[in-house]
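> Dumping the structure here so I can ask a few things about it.
Readers should treat all values here as calculations from the given coordinates under stated rules, not as data from a laboratory. Just so we're clear, the structure is a prediction, and the values are computed from it rather than from any experiment. Positions of Cβ are generated from backbone atoms using ideal geometry, with glycine treated the same way; all protein chains shown enter the neighbour counts.
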Amino acid sequence: MLGDEIATYLAGAGLGLSLSSTSGGVVFGVPFPPEAPDTACCVIEYGGGPPLDAFGASLSAPVYEQPRFQVLCRDRSDNAATCRALANSIYKALRHFSGTLGGVSYGFIQAVQPVAFLKFDENNRPYYYSEFDCRKQESP
């Protein structure tokens, strides 16, 4: 699924993120689970454009899907600048990506919302986010 594919890519992109770390930043392929540490990022999938269909070898699978997703970063209340810097690094790593993630072909990832502040949560943690459209092969 898109969230897991993007999270795995970010964990291997040299940004100090991992999929299951107890120190440093953790990136999740789903919205923050209850056990998420203060320093964490997550991928949130939501509606995008319709699938692109074409005549060809498979009439049942789209040529590309067109989902949209958001990457949300948060950190401790005293670490807003670090949180924003990480969100910006993620934005730069994804904004023009084209390649294969988890065996799934991504024709193009396009940034549609640069890094922006979202909110402080109930624990005074800052949240920064960016949004992306993509054209991708259907995930298994």
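> Compute the helix-to-body angle for 2-11: its Cα long axis versus the longest principal axis of the chain, expressed 0 to 90° and rounded to tens.
50 degrees
> Using only helices, what value at 222 nm comes out for the chain when you add -39,500 (n - 2.57) per DSSP H run of length 4 or more and divide by the total residues, to the nearest 500 deg cm²/dmol?
It lands at -5500 deg cm²/dmol.
> Hey, can you grab everything whose amide H is under 5 Å from the amide H of Asp53? Only 5+ residues off in sequence or another chain; H modelled, so Pro and N-termini drop out.
The answer is Val63.
> Angle, helix 80-94 long axis vs. longest principal axis of the chain, Cα atoms, 0 to 90°, nearest 10?
For 80-94 against the chain, the angle is about 20 degrees.
> R0 = 41 Å: FRET efficiency of Gln66 with Lys119, Cβ-based, nearest 0.05?
0.90
> Related question: Just to be sure I understand the model, the point goes 7 Å from the Cα along the line to the Cβ. What's the resulting Phe108 to Ser18 distance in nm?
Modelled inter-label distance: 3.7 nm.
> Would you please give the residues with an amide H less than 5 Å from that of Phe108, counting only those at least 5 places away or on a separate chain, with H modeled from the backbone geometry?
Under 5 Å from the amide H of Phe108: Arg135.
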